[in-house]
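What follows is one structure encoded as structure tokens, with my remarks underneath.
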Amino acid sequence: MVLPDMPPSASAVPIPPDIAALSFEDALAELERIVRQLEEGRGKLDDAISSYERGTALKRHCEMKLREAQAKIDRITVSADGSLGTEPARID
């Protein structure tokens, strides 16, 4: 099961503090557990909805952590006139 992209308004919802405190790896592990649980389809509807909502918050948190990591590894460039800039790191 893949969680769909959220509508733009959903990204304005703050990430709960308990999720914000998680490392990328811990958040991803919990998200994977939630996805497996939802795929099994066992349990109550209310629990599934709560799990889905937590999963979307975990997904946003992971995406934010990845963006932060990308920003840290962007290459600093110097143009011919001496001005500094950045370009995405080539991690192929």
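Go through K59, K44, K72 and list them by solvent-accessible area, largest first, probe radius 1.4 Å.
On the way: K59 35, K44 150, K72 170 Å².
The ranking, largest first, comes out as K72, K44, K59.
Order R33, R60, most accessible first, counting only protein heavy atoms with a 1.4 angstrom probe.
The ordering from most to least exposed comes out as R33, R60.
Suppose the chain between A29 and A80 were pulled fully straight at 0.36 nm per residue; how much longer would it get relative to their current alpha carbon spacing? Provide the component values of the computation, followed by the final result.
Values: separation 51, 0.36 × 51 = 18.36 nm, distance 4.53 nm.
Stretched out fully, the A29 to A80 stretch lengthens by 13.8 nm.
Could you order the peptides 36-43, 20-27 from most to least packed, using the average number of other C-beta atoms within 10 Å per residue?
Numbers: 36-43: 11.1, 20-27: 13.9.
With the highest mean Cβ count within 10 Å placed first, the list reads 20-27, 36-43.
The values are calculated or read from the model by the stated rules, or taken from the named source; none is laboratory data. Worth saying up front: this structure is predicted, and the values here are computed from it rather than measured. Using ideal geometry, Cβ is built from the backbone for each residue, glycine included, and neighbour counts are taken over all protein chains shown. Side chains included, ligands, DNA and RNA excluded: accessible areas come from the protein's heavy atoms. Shrake-Rupley method; radii C 1.70, N 1.55, O 1.52, S 1.80 Å.
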